[in-house]
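*Asks:* First, the structure itself, so that you have it in front of you.
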Amino acid sequence: MSTMNPRELLASMFTAAVDAAQPALCIPRNLPAPPKGRTVVIGAGKASAAMAQALEKSWPGPLSGLVVTRYGYAVPCERIEIVEAAHPVPDAAGREAAQRMLRTVRGLSADDLVICLISGGGSSLLPLPGEGVTLEDKQAINRALLASGASITEMNCVRRHLSAIKGGRLAAACHPARVVNLLISDVPGDNPMDIASGPTVADPTTCADALEVVRRYGIDLPAGARRLLESGEGETVKPGNRRLENVTTHIVASPQMALEAAADVARKAGVTPLILGGSIEGEARDVAKVMAGIALQARRHGQPVAGPCVLLSGGETTVTIRGDGRGGRNVEFLLALAVALDGAPGIHALAGDTDGVDGAEEIAGAFVTPDTLARGWERGLPPRASLENNDAHTFFRALGDSLITGPTLTNVNDFRAIYVA
């Protein structure tokens, strides 16, 4: 039986999940052999600067390069330049970094090697618009997609076809050099084309697919963006394209690896882990209702696993924004979970984004306890009203139950753990 209280146990599991995806652990063991020619490093994402640092410390020969990461996520590098830009809504610094990155890889030879370091967040950090699309257009479309409830796969389909660098275009610019992609996955299913919208991998989706996503969610496209998609001029680099023949891709860290690390912590504490999946998607509130049902079944009937146990899951839920509160998908999940559990005894939970940022807040997530709803009412915060206003960060902060980590320098998406005594 665990000697830790539930909150300590949940926090320890989250820490283990984040630690399992640290670039210092996963980058060195996946590095290729040095080439005859130059080694150029490029990359984008919340973890990309830490990935570059880990590469520098392990690389035996000369190298140079450029990597763009989120503001506040830079770490010191000696030979690779680190640039910071905005996430989740792109800015001019990201656009300039994308332009420079394309210039960096031009003119390489077949003897040269490009190591591409990609992690979640790269879509916003490489906002190079396609022909006829402005940065302001990209910002408006990005905001609309984020608020629409579209899945990450759907959002990235649109982003790829409105870009001048995503959808394999960056890899094509490296030709004929060899390209080795080292990816930290933050997407359900670990599909490389959805990690940072796949700047260095082939894309089988089409402009027509992107237009269907836009239609499905009622996204208002600026004229230039609509023309780019309807004309087919925004088409991406497809599988089989000869410019991608020297590209290899490796997933070096994933949500599954993080969940397994957390499960090990639970076992050592005498708690039975049950991994429900690392690719769970859907509206955060709907996922919460399902998870609450499983937790209550375990508590009342010992099924599908008897307590003490912990239900572990990952993936990326979505939130259709209807209110004007301060929220993120992990705290939205947690508040909906608390409402569904309705104070059931013996059930505690943690949910957080492994990059340390849930939504637009510098807060990773939060904790739920059996008395979460009661404490909310005591502080004048009706739980259902907070949920309807998408205001879960305000709710959990008032209770002192926010999970604040600061930049974790990695990103394997959401982590959810429900402890059942």
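The values are calculated or read from the model by the stated rules, or taken from the named source; none is laboratory data. It should be emphasised that the depicted structure is a prediction, and the values quoted were computed from it without experimental measurement. Positions of Cβ are generated from backbone atoms using ideal geometry, with glycine treated the same way; all protein chains shown enter the neighbour counts. Keep in mind that these areas ignore ligands, DNA and RNA; they rest on the heavy atoms of the full protein, side chains included. Shrake-Rupley method; radii C 1.70, N 1.55, O 1.52, S 1.80 Å.
*Asks:* How big is the gap, in Å, between the Cα center of region 95-146 and the Cα center of region 314-367?
*Replies:* 30 Å
*Asks:* For the chain, with the dipole built from +1 on Lys and Arg beta-carbon atoms and -1 on Asp and Glu ones, taken about the Cα centre, which of N411, A210, L31 lies farthest toward the positive end?
*Replies:* Ranked along the dipole, the leading option is L31.
*Asks:* Pick from G198, G376, G43: which is most flexible by mean-square fluctuation in a GNM of the chain where alpha carbon atoms under 10 Å apart are linked?
*Replies:* Looking only at G198, G376, G43, the biggest GNM fluctuation is shown by G376.
*Asks:* What list of ³J(HN,Hα) couplings, whole Hz, do you get for region 282-297 from phi and the Karplus terms 6.51, -1.76, 1.60, once you set θ to phi - 60° and write x for glycine and proline?
*Replies:* Along region 282-297, the couplings run x, 4, 3, 5, 5, 4, 4, 4, 5, 5, 4, x, 5, 4, 5, 5 Hz.
*Asks:* Estimate the FRET efficiency between E245 and E81 by the formula 1/(1 + (r/R0)^6), using the beta-carbon distance for r and 35 Å for R0, to the nearest 0.05.
*Replies:* Efficiency, rounded to the nearest 0.05: 0.75.
*Asks:* Multiply the residue separation of Q303 and L25 by 0.36 nm, subtract the distance between their alpha-carbon atoms, and state the gained length in nm to one decimal.
*Replies:* 96.5 nm
*Asks:* Residue by residue through region 399-415, what is 3J(HN,Hα) from phi via Karplus (6.51 cos²θ - 1.76 cosθ + 1.60, θ = phi - 60°)? Round to whole Hz and write x for glycine and proline.
*Replies:* So the J values, rounded to whole Hz, are 7, x, 10, 5, 9, 10, 10, x, x, 8, 6, 8, 6, 10, 6, 6, 10.
*Asks:* Counting DSSP beta bridges in region 104-210, what percent are antiparallel, to the nearest 5?
*Replies:* Given both bridge residues lie in region 104-210, the antiparallel proportion sits at roughly 10 percent.
*Asks:* Something else about it: For region 126-217, what is the accessible area per residue in Å² when the probe is 1.4 Å?
*Replies:* Per residue, region 126-217 has 28 Å² of solvent-accessible surface.
*Asks:* Show K57, K36 ordered by accessible area, largest first, where the area counts protein heavy atoms only and the probe is 1.4 Å.
*Replies:* Largest to smallest exposure gives the sequence K36, K57.
*Asks:* If I model region 69-168 as equal point scatterers sitting on the Cα atoms and use the Debye formula, what is log10 I(q)/I(0) at q = 0.13, 0.18 Å⁻¹?
*Replies:* -0.49, -0.89
*Asks:* R226 label point, 7 Å along Cα→Cβ, cut-off 19 Å on backbone N: hits in region 134-164?
*Replies:* Output list for this probe position: 134-145, 158-159, 161-163.
*Asks:* Taking the alpha-carbon centroid of each part, what is the distance from region 180-203 to region 148-163 in angstrom?
*Replies:* Centre-to-centre distance over Cα atoms comes out at 13 Å.
*Asks:* Per DSSP H run of at least 4 residues, take -39500 (n - 2.57); add these up for the chain, divide by its residues and hand me the 222 nm value, nearest 500 deg cm²/dmol.
*Replies:* Computed ellipticity for the chain at 222 nm equals -11500 deg cm²/dmol.
*Asks:* Carbon and sulfur atoms: what percent of the 1.4 Å accessible area of the chain do they account for?
*Replies:* 51 percent
*Asks:* Please report, for the Cα atoms of region 114-160, the Rg to one decimal and the Dmax as a whole number; what are they, in angstrom?
*Replies:* Looking at region 114-160, its Cα Rg and Dmax stand at 11.6, 36 Å.
*Asks:* Which value, in debye to the nearest 20, describes the size of the charge dipole of the chain about its Cα centre when Lys and Arg Cβ atoms bear +1, Asp and Glu Cβ atoms bear -1, and nothing else is charged?
*Replies:* Value, rounded to 20: 540 debye.
*Asks:* Let me know the charge dipole size of region 128-229 about its Cα centre in debye, to the nearest 20, where only the beta-carbon of Lys, Arg (+1) and Asp, Glu (-1) is charged.
*Replies:* Computed charge dipole of region 128-229: roughly 200 debye.
*Asks:* Just read off the accessible area of S279 with the full protein assembly in place, 1.4 Å probe, to the nearest 10 Å².
*Replies:* Accessible area, nearest 10 Å²: 60 Å².
*Asks:* Can you tell me how much longer the chain between A208 and T134 gets when fully stretched, taken as 0.36 nm per residue apart minus their C-alpha distance, in nm with one decimal?
*Replies:* Working it through step by step, the gained length comes to 24.6 nm.
*Asks:* Bin width 20 Å, alpha-carbon pairs only: give the P(r) of the chain as whole percents, running from 0 to the bin holding the largest distance.
*Replies:* For the chain, the binned pair fractions read 28, 54, 18, 0 percent.
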